[in-house]
Amino acid sequence: MKTNWFKNIFRKKDKEKDSYVKIPEDIRMKIIEKSSLQVSRGVFFSTVIIVVSFLPVFMLTGQEGKLFHPLAFTKTFILIVDAILVLTLAPVLISFFMKGKFKDDNKNPINRGLERVYEPLIRWCMKWKKTTLGINILALLISIPMIMNLGREFMPPLDEGSLLFMPVTLPDISNSEAKRLLQVQDKIIKGVPEVDHVLGKAGRANTATDNSPISMIETIILLKPQSEWRDGKTKEDLIDELNAKLQIPGVTNGWTMPISNRINMLSTGIRTDVGVKVYGQNLDSIAVLSEKIKKELTGIEGIKDMYVEPITGGKYVDIEVKREEIGRYGLSVDDVNSVVESALGGMKLTTTVEGRQRFSVNARYGQDFRNNLESLRRLPMQTMEFGSIPLSAVADIRLTEGPPMINSENAMLRGTVLFNVRDRDLGSTVKEAQAKLNNMVNKMPKGYFVEWSGQYENLIRGEQTLKMIMPLVLVVIFLSMYFAFNSYREAFFNLISIPFALIGGVFMISIWGVNLSVAVAVGFIALFGLAVETGIVMVIYLNDAMIQLTTKNGNSRETITNEELREYVIHGAAKRLRPKIMTVCVTLFGLVPILWSHGVGSDMMKPIVLPMVGGVFTSAIHILLVTPIIFYMQKEWELNKLGKIDVLDASH
């Protein structure tokens, strides 16, 4: 029995070998040429559309431009080379490797399985056209309020793997007290198990670009790898825990990340997420208005670490010369000033040279002496006739208050109310804050006004740029599809797939809890080109089915029935189902792993990828099920109204 079974196997293979007839080389090359012509135009233009649709990303400016221009350059150059290879190298490689015996598509189990599922589905959709279109339109209408209710932010927060603790103390804090406070805070922070290293700094660094006062402390906190954290701990939990432990009277805490903080300070002059700049002519009035703004904003959900930038409360030693007295002692104002300068500011004695560096050697009284007003009043001054006299004899010495730092912008004095935004999106938080401040802002004195700055300033600029970019992307895609099909009608019906691609993108970012940002917008721009790509492949095969129909029956109302038209549309949609599915799957297989990525940079990539994954999925459903219906309705209208079908040859 087994022997007969083996004999039957080999006999069957021998019959297959005998039935195989080798295709002549010239015929094989003509088949390859015809097949390449059939798909090359569509594949080439779909690649061009992806490239061209991404070009408006180059119009982004500022931080978003610097971040996404490398991505745009990389994608553009890769796809330009890809478009060239589609026309040149791909047919040559096909001629080299596609030899021997080939099986029919129906003998491929994957293809048979796909067609077995797809054909009954497309027949049902063709039968219930209005229902299918209604479901699609309903899904599109549902997605509109969803996208309107999404939060808004400039850029997704990038997890840098470290924290920056920026507390602000009272402006009259002494150096010794700032040093003690810094040590206490570092010790508390190091006590948290997730913290690896702590480095704190009070005051300004040895650089002209750092104008931080002694009351501003900056502490960089390096965290351990997340695998070493306590179970269930997140970065937000760590910030809340540290913030609760660091509640010190007279200190206002602030939390951010080192790189984002530096970028904010360099681009907007604000060291927090949002700042309300108060402009005016008088520092005292600006201070009063800033405190009122802080009081109004207190209690708004999402506002954290709020404080008013100190513009009053600084302590100064005020030495006012008594002009009548210095005349009696035979002194001048310069004599008094030189003594004060030497005692408090320091007198240059000499210059020391160490290697290639030169340092000034200054001498002044010790800090204990300079901190004591009575000691300053007893500071000796030499006169020609009366010998040594105390400084208090010729000058009034007292402690006065004044601005610790005077900030000006656009030739106007400026105060700032600073705050971070956490546990809520930036756009809605600032919108609620603006609504609460409207009445107060309208009643401000003449010459005083407020301006919103920080990340919100970047958000507004980014949104204005995107409002200009998005319509431009659609126009560019439409023109590219027109050149691909040489038909405005076909280009328009293919453009319809873009709104339906938005459905999946909106659902994905809603499920993932991501806010609308420049990164999400870049993801949607990339999605537009991908959504059109599969549609072009589908239209190529639908038009090929129409060519077969008109070649067989002629192109007139008398020779083509609606039933035949529907069958050929179904045949064109089901034909070459595998390459259509493959076009979608290649995109999904490349993007889906990013959704489960971790580490620095993943927070920025996920908002780009989410709309692309969801949009490619829903656009594929639309193209496979709805595009044939729209194509059939279009051809049916042409057949009934014009008496013939407008057949487009998109293969050359």
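The values are calculated or read from the model by the stated rules, or taken from the named source; none is laboratory data. Quick caveat, the model's predicted, so the values are computed rather than measured. Because the Cβ atoms are built from the backbone with ideal geometry, glycine has one as well, and the counts that use them run over all protein chains shown. Accessible surface areas use protein heavy atoms only, side chains included; no ligands, DNA or RNA. Shrake-Rupley method; radii C 1.70, N 1.55, O 1.52, S 1.80 Å.
Summed over segment 198-218, residues that are closer than 20 Å to Leu238 by Cβ and modelled with pLDDT under 90 total 4. Of everything listed in (1) surrounded by 15 or more Cβ atoms within 10 Å (Cβ to Cβ); (2) over 30 Å from Leu376 (Cβ atoms); (3) modelled with pLDDT of 85 or more; (4) of a type in the set (Val, Ile, Thr), the single unmet condition for Thr268 is (3). Within the option set Lys277, Lys292, being open to solvent by less than 20 Å² (accessible area, probe 1.4 Å), touching a residue at least 40 places away in the same chain (Cβ under 8 Å), closer than 15 Å to Gln434 by Cα and charged (D, E, K, R) holds for one residue only, Lys277.
Which residues, counting only those in segment 565-618, are modelled with pLDDT under 80, among the hydroxyl-bearing types (Ser, Thr, Tyr) and within 21 Å of Ile503 (Cβ to Cβ)? Across segment 565-618, the qualifying residues are Thr583, Thr587. Taking the conditions (1) over 19 Å from Thr429 (Cβ atoms); (2) open to solvent by 50 Å² or more (accessible area, probe 1.4 Å) in turn, Glu236 satisfies each one other than (1).
Filtered by the rule that a residue be touching a residue at least 12 places away in the same chain (Cβ under 8 Å), of a type outside the set (A, V, I, L, M, F, W, C) and open to solvent by 50 Å² or more (accessible area, probe 1.4 Å), segment 486-516 gives Asn486, Arg489. Take the residues in segment 244-265 that are over 30 Å from the mean Cα position of the chain (by Cα) and either hydroxyl-bearing (Ser, Thr, Tyr) or open to solvent by 30 Å² or more (accessible area, probe 1.4 Å) (or both); name whichever of them is modelled with the lowest pLDDT. For segment 244-265, the residue satisfying everything is Gly250.
I'm checking my understanding of the structure. Among residues of segment 16-61 that are modelled with pLDDT of 75 or more and either in contact with a Cys (Cβ under 6 Å, 6 or more places away or on another chain) or acidic (Asp, Glu) (or both), which one is surrounded by the most Cβ atoms within 10 Å (Cβ to Cβ)? Restricting to residues being modelled with pLDDT of 75 or more and either in contact with a Cys (Cβ under 6 Å, 6 or more places away or on another chain) or acidic (Asp, Glu) (or both), the top hit is Glu33.
Once segment 266-285 is narrowed to residues that are outside any helix (DSSP H, G or I) and of a type in the set (Val, Ile, Thr), the residue that is farthest from the chain's Cα centre (by Cα) is Val278. Has segment 105-113 got at least one residue that is in a loop (DSSP other than H, G, I, E, B), over 28 Å from Ser510 (Cα atoms), free of Cβ contacts under 8 Å to residues at least 60 places away in the same chain and basic (Lys, Arg)? No, every residue in segment 105-113 fails to be in a loop (DSSP other than H, G, I, E, B), over 28 Å from Ser510 (Cα atoms), free of Cβ contacts under 8 Å to residues at least 60 places away in the same chain and basic (Lys, Arg).
Condition check for Lys101 on (1) without any contact (Cβ under 8 Å) to a residue 12 or more places away in the chain; (2) assigned to a loop (DSSP other than H, G, I, E, B): one failure, at (1). Only residues that are loosely packed, with under 15 Cβ neighbours inside 10 Å and aliphatic (A, V, I, L, M) were counted in segment 62-84, giving 4.
Results for (1) of a type outside the set (A, V, I, L, M); (2) at pLDDT below 80; (3) open to solvent by less than 70 Å² (accessible area, probe 1.4 Å); (4) under 23 Å from the mean Cα position of the chain (by Cα), shown as yes or no for each residue.
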residue: Arg377; (1), (2), (3), (4): yes, no, yes, no
residue: Gly387; (1), (2), (3), (4): yes, no, yes, no
residue: Pro403; (1), (2), (3), (4): yes, no, yes, no
residue: Asn407; (1), (2), (3), (4): yes, no, yes, no
residue: Gly415; (1), (2), (3), (4): yes, no, yes, no
residue: Leu418; (1), (2), (3), (4): no, no, yes, yes
residue: Leu437; (1), (2), (3), (4): no, no, yes, no
residue: Met444; (1), (2), (3), (4): no, no, yes, no
residue: Leu474; (1), (2), (3), (4): no, no, yes, yes
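On the stretch given as segment 621-630, residues that are under 24 Å from Ile50 (Cα atoms) and open to solvent by less than 10 Å² (accessible area, probe 1.4 Å) total 4. Just one of (1) within 30 Å of Ile23 (Cα to Cα); (2) among the hydrophobic types (A, V, I, L, M, F, W, C); (3) surrounded by 12 or more Cβ atoms within 10 Å (Cβ to Cβ) fails for Ile147. It is (1). Of the residues making up segment 144-189, just one is touching a helix residue (DSSP H, G or I) at 6+ places or on another chain (Cβ under 8 Å), of a type in the set (Gly, Ala, Ser) and modelled with pLDDT of 85 or more, namely Ser162. For the condition within 24 Å of Leu170 (Cβ to Cβ), over 29 Å from the mean Cα position of the chain (by Cα) and touching a residue at least 12 places away in the same chain (Cβ under 8 Å), Leu297 does not qualify.
Of the residues examined, Leu140 is one that is of a type outside the set (Val, Ile, Thr), part of a helix (DSSP H, G or I), under 30 Å from Leu459 (Cα atoms) and at pLDDT below 85.
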